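Accompanying notes for the structure given below.
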Amino acid sequence: MASGSIIVPSTTIENEFSNITRNHFPDDFVFGTGTSAYQNEGGATKGGRGLSVWDVFTLRTPGKITDGSNGNVAVDMYSKYKEDIKMMKSMGFDAYRFSISWPRILPGGKLCLGVNQEGIDFYNDLINTLLANALCDSLSLGSSFLLEQEDDFRDYAELCFWEFGDRVKHWFTLNEPWTYTVQGYVARIFPPGKKAPASAPALALAPTNKVANLISTLSLASVNKVADNLIPFNKVVNKIGHNFIPYRGFNMSDLDQITTYDDEFTTYSDVHDRTRNAPLNETVLLTQMLSAPKERSVSSEEKLCWSKQAKEGYTVARNLLLAHAAAVQSYRNKFKEHQKGKIGITLVCHWFEPFDDTNVEDKKASKRALDFMLGWFLEPVLSGRYPKNMTDFVPRENLKPFSREESELLKGSIDFLGLNYYTAWYATNDPYPDAEEGYYRDQKVKFLTEKDGKPIGVDEQNNPKLTAYDACRDKRRVNYFRDHLGNILKAMNDGTSREKVKVKGYFAWSWCDNFEWKDGYTVRFGIIYVDYMNHLKRYPKDSAMWFSKFLVKKTIVA
């Protein structure tokens, strides 16, 4: 060191919430974490479990999952739940939110087709393990089967109330019905992922027999290598502005790919790079044979088909809402008085910021986007009707109004609201959206990912090259949880009594890395790292260590 140099001590840069702890929150505020049955449980062929729609979807169409994977094993909480619960307790969590796998307790999907006692016993033991570790539970009924009939869901819900309601005191009828509806029946990247009705012309060229024969002769390992490079073709979208709302785990590189699925195959533009691990001859053949078809004009027959599809999503959402209301009515009439529990619903919503906050139309667009995502389901369970933005912008023949009886059944059908939040988007008014039909066209909104070169959303991609130690360094997630909880606390405390937000708990998503729907195992959301290459061993990430410190309760001296 040169003579006369001055040593400047290092300093820690602190933000507004650097020193926040659970002790800043009310004593009865609940801190928990959560998982989802198909994403975490595994044990697909164990304990008498039947098939769910995700089993069928992932096994029959592995190409629709980024890495061709499925939830057959997932992270094996089916056999590891006791050790996971002990870890939750040791970290200081108060509660655990999980979901019931419908086919594990009703393998045939209907009560009349038989109850699987082994599945009932599994969830009874899980619940009892939680109680033994002084953890309360919040149970989501979910919807592992397609809700073809409202009565089926009510029967399934009543079975759960009867078997578990003596210990479970917080019930969620549905988890993210928006996701189930839009990703399954509009974007069609979730089950059932149906293609257009047979009467409509195909939106893309079907594979030739030569290609189909080639695919059938490839080894399973080879198919798995190339399947994630084959995507149904619809329409290339702008990389900055687009007319669909991506889900959690959304990769920015996906923006120049697709908006909806059909059952035909084509390749990514960078297929050569993405199939570099596949045998050379297979890569060359697939690249040559499966090139994307050219865009063409839209016929009147196709427009009629799209009109039918536009109605489908709204119909599914309506049925989900009525199924929710039926389950709530059943719980309140038959179980609530004796079990003393509460019942609600979990919705999902991104935040939509006006792209130009000085532009009146952009402000209206952001509010419209909120109504089309959150208000679509929240307004009916509060008031028994759809938001005005939807009744004004959706054709009446597509958004069937509720009858007086249905409206009364829906109105006030929640004791509490669960809200899942993952990211934020910019919204700008778009009178002529670049979308063929339905939900995304009706909104008249374009969604943007960045402004002035600065992105508004974040996620974490899985990097298989990292060691477990390096992968557990997730400072960005630590900052997210800290700042998010800090802002929740501000919302609870700032302003007048009417302005203060009543929040009763926070459940961190997610407990551990898992099968992340269409993204498979390519993204990680957990605070616990799962080593997929080493017997699914668990390692606490920095975010888990942060929670362990954050959740330490103050000691009261007598």
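The values are calculated or read from the model by the stated rules, or taken from the named source; none is laboratory data. A quick note: this is a predicted structure, and the numbers were derived from the prediction, not measured. Virtual Cβ from ideal backbone geometry, glycine too; neighbours counted across all protein chains shown. Heavy atoms of the whole protein, side chains included, go into the accessibility calculation; ligands, DNA and RNA do not. Shrake-Rupley method; radii C 1.70, N 1.55, O 1.52, S 1.80 Å.
Below, the figures for the structure above:
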item	result
Selection within the stretch 59-82 - under 20 Å from Arg104 (Cβ atoms) and open to solvent by 50 Å² or more (accessible area, probe 1.4 Å)	Leu59, Asn72, Val73, Ser79, Lys82
Residue match in the stretch 442-463 (condition: in a helix (DSSP H, G or I), modelled with pLDDT under 95 and over 29 Å from Gly505 (Cα atoms))	no
Residues satisfying the stated conditions in the stretch 527-552, i.e. within 21 Å of Met77 (Cα to Cα), touching a Lys or Arg at 6+ places or on another chain (Cβ under 9 Å) and not in a helix (DSSP H, G or I)	Ile527, Ile528, Tyr529, Val530, Asp531, Leu536, Arg538, Lys541
Pair list, Cβ under 7 Å, 6 or more apart: the stretch 372-399 residue of a type in the set (Asp, Glu), other residue in a loop (DSSP other than H, G, I, E, B)	Glu379/Arg385; Glu379/Tyr386; Glu379/Pro387
Candidate set from the stretch 476-500 (those that are of a type in the set (Ser, Thr, Tyr) and more than 18 Å from Gly457 (Cα to Cα)); member that is least open to solvent (accessible area, probe 1.4 Å)	Thr496
Hits in the stretch 426-439 - residues which are in contact (Cβ under 8 Å) with a residue 40 or more places away in the chain, within 26 Å of Thr315 (Cβ to Cβ) and either of a type in the set (Phe, Trp, Tyr) or out of contact with any strand residue (DSSP E or B) (no Cβ under 7 Å at 6 or more places or on another chain) (or both)	Asp434, Ala435, Glu436, Glu437, Gly438, Tyr439
Long-range neighbours under 7 Å by Cβ, at least six apart or interchain, first residue aliphatic (A, V, I, L, M) within the stretch 405-422, second open to solvent by less than 70 Å² (accessible area, probe 1.4 Å) and part of a loop (DSSP other than H, G, I, E, B)	Leu410/Gly384; Leu410/Phe402; Leu419/Cys349
Count of the stretch 92-108 residues which are surrounded by fewer than 23 Cβ atoms within 10 Å (Cβ to Cβ) and out of contact with any Gly (no Cβ under 7 Å at 6 or more places or on another chain)	1
Selection count, the stretch 97-145, where residues are outside any helix (DSSP H, G or I) and either closer than 14 Å to Arg167 by Cα or touching a residue at least 40 places away in the same chain (Cβ under 8 Å) (or both)	25
Residue check for Gly34: more than 16 Å from the chain's Cα centre (by Cα) and of a type outside the set (S, T, N, Q)	no
Among residues of the stretch 115-143, those that are open to solvent by less than 40 Å² (accessible area, probe 1.4 Å) and at pLDDT below 95, counted	8
Residue list for the stretch 144-162, filter: open to solvent by 50 Å² or more (accessible area, probe 1.4 Å) and either modelled with pLDDT of 85 or more or closer than 22 Å to Asp94 by Cβ (or both)	Arg154, Asp155, Trp162
Selection status of Lys400, of a type in the set (Lys, Arg), out of contact with any Phe, Trp or Tyr (no Cβ under 9 Å at 6 or more places or on another chain) and either closer than 16 Å to Lys444 by Cα or surrounded by fewer than 17 Cβ atoms within 10 Å (Cβ to Cβ) (or both)	no
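One line per residue, one yes/no per condition, for (1) of a type outside the set (A, V, I, L, M, F, W, C); (2) in contact with an Asp or Glu (Cβ under 8 Å, 6 or more places away or on another chain); (3) in a helix (DSSP H, G or I):
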{"site": "Asp357", "(1), (2), (3)": "yes, no, no"}
{"site": "Lys367", "(1), (2), (3)": "yes, no, yes"}
{"site": "Val381", "(1), (2), (3)": "no, no, yes"}
{"site": "Leu399", "(1), (2), (3)": "no, no, no"}
{"site": "Pro431", "(1), (2), (3)": "yes, no, no"}
